[in-house]
Amino acid sequence: MTGPSPIAPALALVELDSIAIGIEVGDAMAKRSPIDVLYAGTVHPGKYLVLVGGAVADVEEALDAGRAVAGSSILDTVLLADVHPDVVAALRGQRRPEASEALGVIETQTVAAIIEAADAGVKGARARLLELRLADDIGGKAYLLFGGPVADVEAAVEIGQASIGAADRAIARVIPQLHAEMRANLEADARFRERLGSSPEAS
């Protein structure tokens, strides 16, 4: 069996507030240039994402086509000409739970912003990208987790937050020596209802 098609070297994502227009945007992007992969679908709360990957020029052209069709329905976009493989793995749902000296958290209002922050952070510092959570079950927000030595995590968080511009677009924290019980909660399932259901007291 073959695995999923690679999203490389370039990635672009368009985030929209309309499902109908989002479908139209995805169609326009696919028709404009010979992109290698296209993934599109809904996320909470009624947003629509279109992600494309392939050669840089093709992805740039597809993004231009998507923007032209989307108009004011665009919430956010990101274009990464050389997306880091760890970001692609995290987008596909890979989680890397580990006990690190520090945990870095960046929270954003859009999926596009967190992808940009993740890519900048792992490229600019030696911290490891542990997880990406994208929109569903968190009201359309997104967040990432970095792990590693304190100085490396601080650098990744600073670089990631700076990459998305205005300070009000992200909330960031670095937590040295995360408590073991908090780490267990994050590694098992960050959703509160799921954590309650899995606790010994609930049985």
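The values are calculated or read from the model by the stated rules, or taken from the named source; none is laboratory data. Predicted model only: the values in this text are computed from it and were never measured. Counting neighbours? That spans all protein chains shown, and the Cβs are built from the backbone with ideal geometry, glycine included.
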Of residues in the stretch 59-90 being among the charged types (D, E, K, R) and either touching a residue at least 40 places away in the same chain (Cβ under 8 Å) or assigned by TED's automatic domain parsing to the domain that holds G124 (or both), the one farthest from A120 (Cα to Cα): R67
Only one of these is buried (at least 17 other Cβ atoms within 10 Å of the Cβ), over 29 Å from K47 (Cα atoms) and in contact with a helix residue (DSSP H, G or I) (Cβ under 8 Å, 6 or more places away or on another chain): S100, S163. Name it. S100
Among L75, L129, the single one that is within 20 Å of D152 (Cα to Cα) and buried (at least 19 other Cβ atoms within 10 Å of the Cβ) is L129
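Yes or no, residue by residue, for (1) surrounded by 17 or more Cβ atoms within 10 Å (Cβ to Cβ); (2) touching an Asp or Glu at 6+ places or on another chain (Cβ under 6 Å):
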residue	(1), (2)
L11	yes, no
Y39	no, no
G46	no, no
L49	yes, yes
